[in-house]
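The values are calculated or read from the model by the stated rules, or taken from the named source; none is laboratory data. If you're wondering where the values come from, they're calculated on a predicted model, not measured in any experiment. Cβ placement follows ideal geometry from the backbone for every residue including glycine, while neighbour counts extend to all protein chains displayed.
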Amino acid sequence: GKRIALLTSGGDAPGMNAAIRAVVLAAHKFDCEVIGFIHGFNGLMLNEFQSLSIASVTNIIHQGGTILKSARCKEMHLPSGIIKATETLTKHQIDALIVIGGDGSFTGMLALSNTWKGQLIGIPGTIDNDVDGTDFTIGFSTAINTAIRAIDKIRDTANAFDRVFIVELMGRHSGHITFNVGIACAAEQVISFENFNSDEEEATLAQLTDGIEQSAKIKHSSHLIVIAENLWPGGAQKLAEQLTQRSGVDCTLCTLGYIQRGGSPVAKDRILATKMGVSAVQAVIDNQHLVMTAELNNTMNLVPLNIAILHKKRVNPALVDAQANILALTAQTEN
Ligand code: F6P
């Protein structure tokens, strides 16, 4: 059988362990050996690895994080890093490298393909869901469920205090988390990459203030605004201050942060990770190269890695519409 190297890279995501397990079990079925490199591509730089037996992946499907550890590896952006990675893979006589990660990790794989001639297979694992060619990435479902449970609690406090809360969510370049969580938490307002440009700051402030005033008028006892991180000019704390000043109501910022990254994966992520892990090994057996496992419209397939990093995947427009129309409805009811 072939010799497969496996690593997890970039932000950890719930379900990465389920994917590791599936890769190892499927590889054993096909008589392949699996070596896990530690701390993402850093493991290739430093030749840090462990052999992955069936025993090493039992009892991990439900665990958050990644047993292989992860990292964002700056050296993979340098020619020296690519050379080191190539040397390590060659030394271990690896036939295929499977990487579980997001767009940054896939960019690293594309760079590596210039010097290393083995098979490169990606599995999309990131809470951000910002990978093209697949409906969902491993970790996204768990992250939005975690955020929803947290925001339900914030809603209790918002109700008790008649207070406005601004909740900042992760997803540094994309609004998948923010829009999905906003809808599911009945957020009064959602501000994300899809509906905000920094040159519209003034108009958005007016609209948000208006929304806060409407809520007060109809005696809505709480008002939640969800916002994507890295979006508001000057940061979300500045937005909280601007809105407090304009509306005369206390607007409190709550940043959910890393809470969204950890925890036991939900069913959807465990199942997606299992399908993708098996599909990645099948891709190795089928001599595939520079592809990512993907699920589109409930069908597993492989997409070229350079498609995966296009950054063209938009939040489902029906969600953006739903949020806009629910707001319009609230305004109407009030009149
Ligand atoms: O890509 C996952 C993610 O959690 C993003 O949502 C967030 O912007 C980023 O990682 C944080 O990165 P780091 O772990 O390097 O602070």
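Just give me the residues in segment 133-157 being away from the ligand (no atom under 15 Å from the Cβ), outside any helix (DSSP H, G or I) and buried (at least 18 other Cβ atoms within 10 Å of the Cβ), in sequence order.
Correct list: 133, 134.
I want to confirm something. Restricting to segment 59-88 and keeping residues that are touching an Asp or Glu at 6+ places or on another chain (Cβ under 7 Å) and within 16 Å of the ligand (Cβ to nearest atom), which single residue is nearest to residue 101 (Cα to Cα)?
Restricting to residues being touching an Asp or Glu at 6+ places or on another chain (Cβ under 7 Å) and within 16 Å of the ligand (Cβ to nearest atom), the top hit is 70.
Test residue 292 against the stated conditions and say whether it is touching a residue at least 24 places away in the same chain (Cβ under 8 Å), surrounded by fewer than 17 Cβ atoms within 10 Å (Cβ to Cβ) and not in a helix (DSSP H, G or I).
No.
Looking at (1) under 18 Å from residue 223 (Cβ atoms); (2) outside any loop (DSSP other than H, G, I, E, B), find the lone condition where residue 186 falls short.
(2)
Testing residue 142 on (1) on the phi > 0 side of the Ramachandran plot; (2) in contact with a Pro (Cβ under 6 Å, 6 or more places away or on another chain), one condition comes back false. Which one is that?
The single condition residue 142 does not satisfy is (1).
Where residues in segment 158-181 are part of a helix (DSSP H, G or I) and over 15 Å from the mean Cα position of the chain (by Cα), which of them is nearest to the ligand (Cβ to nearest atom)?
Step by step, filter segment 158-181, then rank; the result is 158.
Do we find that residue 199 is surrounded by fewer than 18 Cβ atoms within 10 Å (Cβ to Cβ), over 30 Å from residue 104 (Cα atoms) and either in contact with a strand residue (DSSP E or B) (Cβ under 7 Å, 6 or more places away or on another chain) or of a type outside the set (A, V, I, L, M, F, W, C) (or both) in this structure?
no
Against the conditions (1) crowded, with 16+ Cβ neighbours inside 10 Å; (2) closer than 30 Å to residue 100 by Cβ; (3) at pLDDT 95 or above, where does residue 208 fall short? Just the number, please.
The one condition residue 208 does not meet is (2).
What are the residues in segment 211-227 that are surrounded by 16 or more Cβ atoms within 10 Å (Cβ to Cβ) and part of a helix (DSSP H, G or I), if any?
211, 212, 214, 215, 216
Six or more apart or on different chains, Cβ under 7 Å: which pairs go from a residue in segment 268-280 that's within 12 Å of residue 61 (Cβ to Cβ) to one that's surrounded by fewer than 23 Cβ atoms within 10 Å (Cβ to Cβ) and aliphatic (A, V, I, L, M)? Could you list them?
Note: pairs meeting the criteria are 270/61; 277/26.
Please verify whether segment 228-250 includes one or more residues that are within 30 Å of residue 33 (Cβ to Cβ), in contact (Cβ under 8 Å) with a residue 40 or more places away in the chain, in a helix (DSSP H, G or I) and not aliphatic (A, V, I, L, M).
There is no residue in segment 228-250 that is within 30 Å of residue 33 (Cβ to Cβ), in contact (Cβ under 8 Å) with a residue 40 or more places away in the chain, in a helix (DSSP H, G or I) and not aliphatic (A, V, I, L, M).
Within the group 32, 73, which residue is within 20 Å of residue 287 (Cα to Cα) and not acidic (Asp, Glu)?
None of the other options fit; the residue is 32.
Quick one: in segment 115-127, of everything that is under 14 Å from residue 138 (Cβ atoms) and touching a helix residue (DSSP H, G or I) at 6+ places or on another chain (Cβ under 6 Å), which residue is nearest to the ligand (Cβ to nearest atom)?
In this case the residue turns out to be 127.
If you take the residues in segment 244-263 that are of a type in the set (Ser, Thr, Tyr) and either under 15 Å from the mean Cα position of the chain (by Cα) or within 16 Å of the ligand (Cβ to nearest atom) (or both), which one is nearest to residue 163 (Cα to Cα)?
Among them, the one singled out is 255.
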